[in-house]
Amino acid sequence: MDSNMYNKILIKNGSIVDAQKGNIYRGDLYIKDGIIEDIKDVIEIDNKDITIIDAGGLTIMAGLVDMHVHLRDPGLEDRETIESGARAALAGGITSMVCMPNTSPVLDSPSLIKYVIDRGKNTGCSIYPVAAMTAGLEGKNITGMGLLSEAGAIGFSDDGKAVADSKLMFEIMRYSKQFGKPLILHEEVRSFSEHGLMHEGKYSTKLGLEGISRLSDDLMIGRDIVLAGVSGARIHITHISTSGAVEMIRKAKTDGIDITCDVTAHHLFFNDSHLESFDTNLKVKPPIRDVRDQKALIEGVADGTIDAIVSDHAPHLDTGKNTTFKLAEFGTIGLETLLAASYTILCRNKKQGFEKVARLLGSGPAEIVGIDGGIIRKGMRADIAVADLEAGYTVKKEDFRSRSKNSAFIGQKLYGKIIYTISNGKIVYESGLN
Amino acid sequence: MLNKKSILRIDDLTLDDVAKVMETADSFTSISKREIKKVPTLRGKTVVNLFFEPSTRTKTSFEVAAKRLSADMINFAASSSSLKKGESIMDTLRTILAMQVNLIVIRHSDSGTVKMVDDNTPVPVINAGDGKHQHPTQALLDLYAIRSRFEKFEGLRVAFVGDFLDSRVARSGTRLFEKMGMDVSLVAPSMLIPEDHSDLNVYSSIDDVIEDIDVLYMLRMQFERQDRKFYPSVREYNRFLSLDSKRLARMKKNSIVMHPGPVNRGIEISDEVMGDRESPYDNILIEEQVTGGVAVRMALLYLILG
C-alpha cells in the first residue's frame, strides 16, 4: 500500500462534534497533508489516491486530550514506555497527552524534559511533559522552572504528593507566575492518608480496610485556594474526589481565583460500594469515594465547575496488583477506556449532552495546559477520533494495548468504541487491526 | 450442608445455616464430654491450617475440632518473612492444593485476603480471621455461648466495649448478633470508632450501659500498636472502658461478660474479676467461649465436609 494514500482522507456521513460551539452536525470532512482541508455538508472528490471512511452512524470528534498520564519512562519501562503508552492512547482516541514527572529519575531537569519530548516524537501521539515543582518531588527545593519551561515543560506538578510546606508552596505559586504555566496540584494531607487504603466511610468500616478521610483532600485544597488568592497563581487541582472539593472550587471560581480542575473517569464511574469485591484495581489515590461524592462530581461536570476529564493512567505490574489489598499499589490504567467510561456514565446513564463531555476530553484540558488540540475546524491540525458511541462491549484484560493491564474497568460493560484515530492527518489506529 | 461452600464472612450465612451450626454443635458438645473424645465422621479427609499470622487459640481450636472428627490436620506454618508479597500467597496455595486437601482454614493479617484465596481454590475455605475484616467462627462460638445462658436471642441487649476500629471480632459479632434480633451498641471513644458509624449506637463510657445490658462484650485493646498514639493512657481507659468488680456488681441479674481472649489483665478486665485459676464470678464466660468454640468448629467442619 502506498503510504501517500494516507495523506488524503475523506470522512463521509459522520456526526461531527463541535465541542467549542456545543453542537453536533452531520457532514463530511476532508483531510490533506495533515490539515483539516474542508468541512461541508457534502464533499465529493474524484481521486484514486484517497482513503474514504464511511462514517455513517459514527461520531467524529477532535482527538482526545488527556492531561494526566503516567508513562513510567524513564525508569520503570517494564510497566509502560512512552511508545507503549502512545499505542494505548491512540487506541483510546487520544492524540495528545500530558505526562507526569514522577518517573525514575524524576523529570526535574531540562535534559529529562527533552528526553521525553524526543521519545514522544514519531509515536503518532503528541506528548507534553510536566516538570516537577520541587527537586526529586521531595517537597524541599523549588525546581528551575524557567529552564524547564524553555526545555518544553508545559506545567509543573509534584503529582503523587502534595507539597506539605505551606511557605514553600506559596513561593512556588508566586514564582510560577513569571512563566505563565499552570501548577497541577495533587492534594493530600499525609497524616490523614498515610495508612489508608480506601475512602473512609461505611464500606471501609464494613470491609476492615483503613480509611482515607475526605479531609485529606479538602484541607489541602482549601489551603491552596487561599494561597492562590494571595499569590494570584494559576492553579489546577487534579483528580478531585470529594463533594467538598467541587463546592470549594465552584466558589473559588466565582471569587475570581485563577483555578481549574479535573476529575478521573473512574471517580465518575465508581463509588466505594464497588470495593466490596476487594478488587485491587480499584485501589487508587485519591480513593474512590461514596455515592454522594460521585453525584457531586457528576454535577460538577454538568454545571461547568469541572474543566477536564482525565485517565490518571497509572500502569502497574501484575505483581503489584495480584496481591493483598493492603500491599497492592495505588492506581488504574485508563487511556483505552477514557472515552467509553466517560460516555457510559455521563451520557448513557446521566443523560448529559455528548458535546459537553467531548469538550472536557478535548479543548477543555488543551486550554488549561496551553496546547493545540481538541478543536475540529478548517485549517487546524487533523487530530481526530471516529467513534461508535452505541457500540457496547465488556472490558477484558487481554484486550489492552498498554504494557500493564491493571484496569479498574475489567468486567464492566461500556459503550463507546474508537473505530479510527487520526493523528496529524494519518490513520494511526483502526479498530480490529493492531 | 450450608448454603455456600466457604465461610468467609457472617453475611454468607443464612438464619437456617446459623440454626444448623448451633444444633450440630450441641451434639458435638456431648462428644467432647466423653472419655473417648473422637468420632470417625471425617476419617480420610485432610484439613489444612494455613496461618499467615500468629495464633494460638484459634489454630489450636480448629486442630482439636478436626482431630476429634478423625480428619487429618496439617499445620502449615507460613513464616511472615518469606511471605511478604501476595504472589507468594498464591504460590503457597498452589502447593497446598497440589497435595489434594479437602478444606483450608486460613488466617491472614490483611483484610480481603481470604476472599482472594477462596476465589482461587476449588476446595472450601474457612476464614479464621482476615485483617480487620471478619472472624466469622468467633462470632458463631460467641453466639453459641450466649445461647447457653439465654432462652432466646431476640431483644437481648449487647454492648461491645473498646477498640471497634481494628476489631474483626466486633465486625463479625455485630453483624451476626443484629441478624439474630439482638440490640447491639458500642462503647468506645472517638478515636477507636470509624468516622462513619451511622449504623451503630455509640456510648462513650461503660457506665452509660452497664446497668441495662444482657451481654457485655469486652474487646482487646493493644496499646503497643503504633497507631494507638491517639488514645491517652491505660488510666484513661480504666476510667471509662474497663470492667472491675464495682461495675460488675451493677450489672443485671443473669447478665454475662465475654471476651475473645487473650485478656489484657488490668486493661479490659481487672485482675480481681479475672481471678487466679478461674473467675470468682459465674457470669464471666471466657472459658465457656473456648470450650464451645471447639464444638462450633467441629460443627462447621462436619457441615461442610460431612
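Per-structure values
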item: Answer residue from region A:296-330, given it is open to solvent by 40 Å² or more (accessible area, probe 1.4 Å) and under 19 Å from A:SER204 (Cβ atoms) and is farthest from the other protein chains (Cβ to nearest Cβ) among those; result: A:PHE330
item: Test result for A:LEU346, part of a helix (DSSP H, G or I), in contact with a helix residue (DSSP H, G or I) (Cβ under 6 Å, 6 or more places away or on another chain), touching a residue at least 40 places away in the same chain (Cβ under 8 Å) and surrounded by 22 or more Cβ atoms within 10 Å (Cβ to Cβ); result: yes
item: Residue within region A:362-373 that is under 27 Å from A:ARG72 (Cα atoms) and modelled with pLDDT under 95 present; result: yes
item: Qualifying positions in region A:198-209 - at the interface with another protein chain (Cβ under 8 Å from one of its Cβ atoms) and of a type outside the set (Val, Ile, Thr); result: A:GLU200, A:GLY201, A:LYS202, A:SER204, A:LYS206, A:LEU207, A:GLY208, A:LEU209
item: Subset of region B:181-199 that is assigned to a loop (DSSP other than H, G, I, E, B) and open to solvent by 30 Å² or more (accessible area, probe 1.4 Å) - its residue that is farthest from the other protein chains (Cβ to nearest Cβ); result: B:GLY181
item: Residue check for A:VAL130: at pLDDT 95 or above and either among the hydroxyl-bearing types (Ser, Thr, Tyr) or in contact with a Cys (Cβ under 8 Å, 6 or more places away or on another chain) (or both); result: yes
item: Elements of type helices (runs of 4 or more DSSP H) in region A:143-251, at least 1 residues being open to solvent by 10 Å² or more (accessible area, probe 1.4 Å) and farther than 26 Å from A:ALA314 by Cβ; result: A:145-151, A:166-176, A:202-207, A:215-231
item: Total residues in region B:108-134, condition within 15 Å of B:ASP11 (Cβ to Cβ) and within 10 Å of chain A (Cβ to nearest Cβ); result: 7
item: Filter result for the condition that a residue is part of a strand (DSSP E or B), more than 17 Å from A:VAL428 (Cα to Cα), in contact with a Gly (Cβ under 8 Å, 6 or more places away or on another chain) and open to solvent by less than 10 Å² (accessible area, probe 1.4 Å), over A:ILE16, A:ILE39; result: A:ILE16
item: Selected residue (only one of B:THR95, B:THR137 is under 27 Å from B:MET258 (Cβ atoms), more than 14 Å from chain A (Cβ to nearest Cβ) and either in contact (Cβ under 8 Å) with a residue 40 or more places away in the chain or not hydrophobic (A, V, I, L, M, F, W, C) (or both)); result: B:THR137
item: Out of B:SER185, B:SER172, B:SER242, sole residue that is at pLDDT 95 or above and over 24 Å from A:GLY208 (Cβ atoms); result: B:SER242
item: Condition check for B:LEU248: open to solvent by less than 30 Å² (accessible area, probe 1.4 Å), more than 30 Å from B:PRO40 (Cα to Cα), part of a helix (DSSP H, G or I) and of a type in the set (A, V, I, L, M, F, W, C); result: yes
item: Total residues in region A:349-362, condition buried (at least 22 other Cβ atoms within 10 Å of the Cβ) and outside any helix (DSSP H, G or I); result: 2
item: Any hit, region B:224-231, residues being in contact (Cβ under 8 Å) with a residue 24 or more places away in the chain, assigned to a helix (DSSP H, G or I) and open to solvent by less than 30 Å² (accessible area, probe 1.4 Å); result: no
item: Hey, B:PRO194 over 30 Å from A:ARG292 (Cα atoms) and either touching a helix residue (DSSP H, G or I) at 6+ places or on another chain (Cβ under 6 Å) or of a type in the set (Ser, Thr, Tyr) (or both) or not; result: no
item: A:GLY411 being touching a strand residue (DSSP E or B) at 6+ places or on another chain (Cβ under 8 Å), within 14 Å of another protein chain (Cβ to nearest Cβ) and not acidic (Asp, Glu); result: yes
item: Residues of region B:150-180 that turn out to be away from chain A (no Cβ under 12 Å) and at negative phi, as a count; result: 18
item: Residue, surrounded by the fewest Cβ atoms within 10 Å (Cβ to Cβ), within region B:156-180, restricted to residues that are within 14 Å of the chain's Cα centre (by Cα) and basic (Lys, Arg); result: B:ARG175
item: Residues being part of a loop (DSSP other than H, G, I, E, B), within 30 Å of A:GLY425 (Cα to Cα) and in contact with a Ser or Thr (Cβ under 8 Å, 6 or more places away or on another chain) - total across region A:89-123; result: 4
item: Any hit, region A:418-432, residues being closer than 24 Å to A:ILE298 by Cα and of a type outside the set (D, E, K, R); result: yes
item: Subset of region B:200-223 that is in contact (Cβ under 8 Å) with a residue 24 or more places away in the chain and part of a helix (DSSP H, G or I) - its residue that is surrounded by the most Cβ atoms within 10 Å (Cβ to Cβ); result: B:ILE206
item: A:ASP383, sole failed condition from (1) crowded, with 24+ Cβ neighbours inside 10 Å; (2) touching a His at 6+ places or on another chain (Cβ under 7 Å); result: (2)
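The values are calculated or read from the model by the stated rules, or taken from the named source; none is laboratory data. No experiment lies behind these values; they were computed from the predicted model shown. Ideal geometry is used to build each Cβ from the backbone, glycine not excepted, and the neighbour counts take in all protein chains shown. Just so you know, the surface numbers come from the protein's heavy atoms only, side chains and all, with ligands and any DNA or RNA stripped out. Shrake-Rupley method; radii C 1.70, N 1.55, O 1.52, S 1.80 Å.
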